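Asks: Dropping a structure here in structure tokens format, bear with me for questions.
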Amino acid sequence: MPTIFDAHTFALTAHAGQLDKCGEPCMRHLERVANAALARAGHARLSDGLDIDPMRVMQAALLHDVLEDTSRTTTDLQAAGFEADIIRTVTLLTKPACRIAYSERIAALIGSGDLAALLIKMSDTEDNLRPSRIPPDAAFLRERYADAFARLKSAAAVMGYTGR
């Protein structure tokens with residue numbers, strides 16, 4: 001079974017040379033999201049008594065953009081030995097091939113009932129809310145991400161999550 005280090009290496013290789021919208025290596029965003037998701041999953045398990053594995057959440061968080069932003073596929077993830085639940089979570093977090101509104105993607109993610117995916121998307125959205133990741137003239141992005149974060153947090157709370 002792959003480890004967090006294997007997920008990190010897979011993501012690092014897949015995203016090699018890619019820069020995010022701020023001009024930083026994509027891995028910095030993935031690492032911030034993974035660390036935040038790990039903390040959230042740890043809280044869910046230890047404080048809330050929820051059946052969630054923080055290490056598996058961290059693996060999926062490291063891989064959450066690999067299908068969307070690289071040429072890697074679910075077959076590549078399977079060949080690397082990643083478990084079906086991790087691949088499912090990564091797939092849930094991947095933009096669908098057909099264009100749909102962001103709010104609808106958030107609704108579909110919430111409807112999936114996958115707590116790991118919700119915690120990762122909360123972490124991703126929170127990272128996307130960083131001032132350095134939103135252009136000063138893009139207030140609509142701040143609103144979109146803030147609304148998504150609130151919706152995701154409420155959905156996670158319904159599932160028993162009490163963290164931030």
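Asks: Taking the residues in segment 142-164 that are of a type outside the set (D, E, K, R), without any contact (Cβ under 8 Å) to a residue 24 or more places away in the chain and open to solvent by 20 Å² or more (accessible area, probe 1.4 Å) as candidates, determine which candidate is farthest from GLY42 (Cα to Cα).
Replies: From segment 142-164, those of a type outside the set (D, E, K, R) are 145-146, 148-150, 152, 154-163; that's our starting set.
Now restrict to residues that are without any contact (Cβ under 8 Å) to a residue 24 or more places away in the chain: 145-146, 150, 154, 157-158.
With open to solvent by 20 Å² or more (accessible area, probe 1.4 Å) added as a condition, the list becomes 146, 150, 154, 157-158.
Working: ALA146: 23, ALA150: 20, SER154: 18, ALA157: 15, VAL158: 17 Å.
Step by step, filter segment 142-164, then rank; the result is ALA146.
Asks: Does segment 134-141 include one or more residues that are over 16 Å from ALA34 (Cβ atoms), open to solvent by 40 Å² or more (accessible area, probe 1.4 Å) and either at pLDDT 95 or above or in a helix (DSSP H, G or I) (or both)?
Replies: yes
Asks: Pairs needed: first member in segment 5-24, surrounded by fewer than 18 Cβ atoms within 10 Å (Cβ to Cβ); second member anywhere, charged (D, E, K, R); C-beta distance under 6 Å; at least 6 residues apart or different chains.
Replies: That search, which allows pairs on different chains as well, returns CYS22/ARG133.
Asks: Restricting attention to segment 1-17, does a residue exist that is among the charged types (D, E, K, R) and more than 18 Å from ARG130 (Cβ to Cβ)? Write out each step before concluding.
Replies: As a first pass, look at segment 1-17 and keep what is among the charged types (D, E, K, R): 6.
If we keep only those that are more than 18 Å from ARG130 (Cβ to Cβ) as well, we get 6.
Checking segment 1-17: at least one residue is among the charged types (D, E, K, R) and more than 18 Å from ARG130 (Cβ to Cβ).
Asks: So, in segment 35-51, of the ones that are buried (at least 19 other Cβ atoms within 10 Å of the Cβ) and in contact (Cβ under 8 Å) with a residue 40 or more places away in the chain, which residue ends up farthest from THR70 (Cα to Cα)? Quick ask: steps written out before the conclusion?
Replies: First pass over segment 35-51, keeping only residues buried (at least 19 other Cβ atoms within 10 Å of the Cβ): 36-38, 40-41, 44.
After this cut, where a residue has to be in contact (Cβ under 8 Å) with a residue 40 or more places away in the chain as well, the list is 36-37, 40-41, 44.
Numbers: ALA36: 23, ALA37: 22, ARG40: 26, ALA41: 26, ALA44: 30 Å.
Restricting to residues being buried (at least 19 other Cβ atoms within 10 Å of the Cβ) and in contact (Cβ under 8 Å) with a residue 40 or more places away in the chain, the top hit is ALA44.
Asks: How many of the residues making up segment 77-93 are open to solvent by 30 Å² or more (accessible area, probe 1.4 Å) and hydroxyl-bearing (Ser, Thr, Tyr)? Steps first, answer last, please.
Replies: Within segment 77-93, the first condition is being open to solvent by 30 Å² or more (accessible area, probe 1.4 Å), and the residues that meet it are 78-81, 83-85, 88, 91-92.
With hydroxyl-bearing (Ser, Thr, Tyr) added as a condition, the list becomes 91.
The total comes to 1.
Asks: Right, here's the next one. If we scan segment 112-124, do we find a residue that is in a helix (DSSP H, G or I) and open to solvent by 60 Å² or more (accessible area, probe 1.4 Å)?
Replies: So in segment 112-124, the residues in a helix (DSSP H, G or I) come out as 112, 115-124.
Pick out the ones that are also open to solvent by 60 Å² or more (accessible area, probe 1.4 Å) and you get none.
No, the conditions are met nowhere in segment 112-124.
The values are calculated or read from the model by the stated rules, or taken from the named source; none is laboratory data. It should be emphasised that the depicted structure is a prediction, and the values quoted were computed from it without experimental measurement. Heads up, the Cβs are rebuilt from the backbone with ideal geometry, glycines too, and the neighbour counts pull from every protein chain shown. Ligands, DNA and RNA are stripped out before the accessible areas are found, and what is left, the full protein with its side chains, is counted by its heavy atoms. Shrake-Rupley method; radii C 1.70, N 1.55, O 1.52, S 1.80 Å.
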